[in-house]
Structures are given as structure tokens and as C-alpha cells.
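The values are calculated or read from the model by the stated rules, or taken from the named source; none is laboratory data. Just so you know, these numbers come straight off a predicted model, no measurement behind them. Here the Cβ positions follow ideal geometry from the backbone for every residue, glycine too, while neighbour counts run over all protein chains shown.
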Amino acid sequence: MSKYKFRYFKIHDADCISQVSISSTAKEIFDYMDEYLENVCTVKGFDPSDDSFDILYKDGSTDCVNSDYDGHHIKRRGIASLVWTNACDSTVYGGWAINEHGVVTPSETIEIADYGITEVEEPKSLV
């Protein structure tokens, strides 16, 4: 049994399905971020360009960890929304928004584009 709740969205412009995994804690996603940062520094040939960790804090400030990360301190308290996007899907904690192209970003609430996107049941090809 998975620790995540999965939601699937048909992206009509791209004729594809986007998967959003809902995490119950920010710590789960921070654990992946820590592993990502360790791999960037230690694993030869690791390509960090597919992953991005976008953070929205309760005070409205934002932060990002991706292939351009400069090593600055990442606050781990006061998180309103945390979105980890990779080549296959997005994993979120807190609020999030998905636009008509299937791009998931941090948000204070859950926002789903009301045009060009439809929530669907789990596609058989992903089972």
C-alpha cells in the first residue's frame, strides 16, 4: 500500500496524463531532496536537470532547489506548499496548482485549471 494518494489529470493540449502524488508530510519530500543533493555531489553521471523542488512558505516567500541550486540554506519550517517535480510526475505537500499544460506549482490552496484539463481515474497503463 502506498503512502501517497494519487490523482491523475488528462492534459488535453498535450494528449497525455499527468500524475500528482499527495504527500502527508513535508519531511517525505525533503528526504528525496536530500538524496537528490547528495547524488548531485557524489554520483558520477547523475543528471539533476529533471528534478525541481519548489517551496512556498507561509509568509509568502519562495525557494527552489534544482540544477541551478547554489548551496544556500533551505528553511524547513513554515512550509505552506512543497512541490517536487521530476520527469514522470509531481509529488506535493500542502496546496498546489496545476495549469492547463500539466505543470504543478506551489499554492496556498488546491487549484486545477478549469480549461484544458480533466481529472480522471487511474489510467490502466499506469497499473
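Can you name the residue in the stretch 84-112 that is part of a strand (DSSP E or B) and of a type in the set (S, T, N, Q) and is also farthest from Ser21 (Cα to Cα) among such residues?
Selected residue: Thr105.
Kindly list, by first and then second residue, each pair from a residue in the stretch 34-47 that is surrounded by 10 or more Cβ atoms within 10 Å (Cβ to Cβ) to a residue that is part of a loop (DSSP other than H, G, I, E, B) and at pLDDT 85 or above, limited to pairs with Cβ atoms under 7 Å and residues at least 6 apart or on different chains.
Tyr36/Asp51
Which one of Tyr69, Tyr115 is out of contact with any helix residue (DSSP H, G or I) (no Cβ under 6 Å at 6 or more places or on another chain), part of a loop (DSSP other than H, G, I, E, B), exposed (fewer than 12 other Cβ atoms within 10 Å of the Cβ) and touching a residue at least 12 places away in the same chain (Cβ under 8 Å)?
Result: Tyr115 is the single residue among Tyr69, Tyr115 that is out of contact with any helix residue (DSSP H, G or I) (no Cβ under 6 Å at 6 or more places or on another chain), part of a loop (DSSP other than H, G, I, E, B), exposed (fewer than 12 other Cβ atoms within 10 Å of the Cβ) and touching a residue at least 12 places away in the same chain (Cβ under 8 Å).
Filter the stretch 76-87 down to residues that are surrounded by 10 or more Cβ atoms within 10 Å (Cβ to Cβ) and out of contact with any strand residue (DSSP E or B) (no Cβ under 7 Å at 6 or more places or on another chain) and give me whichever is farthest from Ser49 (Cα to Cα).
Checking each candidate, the answer is Arg76.
Taking the stated definitions as given, is Asp51 charged (D, E, K, R) and surrounded by 12 or more Cβ atoms within 10 Å (Cβ to Cβ)?
Criteria met by Asp51.
Which of (1) modelled with pLDDT of 95 or more; (2) assigned to a helix (DSSP H, G or I) is the odd one out, the single condition Tyr36 does not satisfy?
The single condition Tyr36 does not satisfy is (1).
Could you list, in sequence order, the residues of the stretch 10-30 that are over 29 Å from Arg76 (Cα atoms) and assigned to a strand (DSSP E or B)?
Across the stretch 10-30, the qualifying residues are Lys10, Ile11, Cys16, Ile17.
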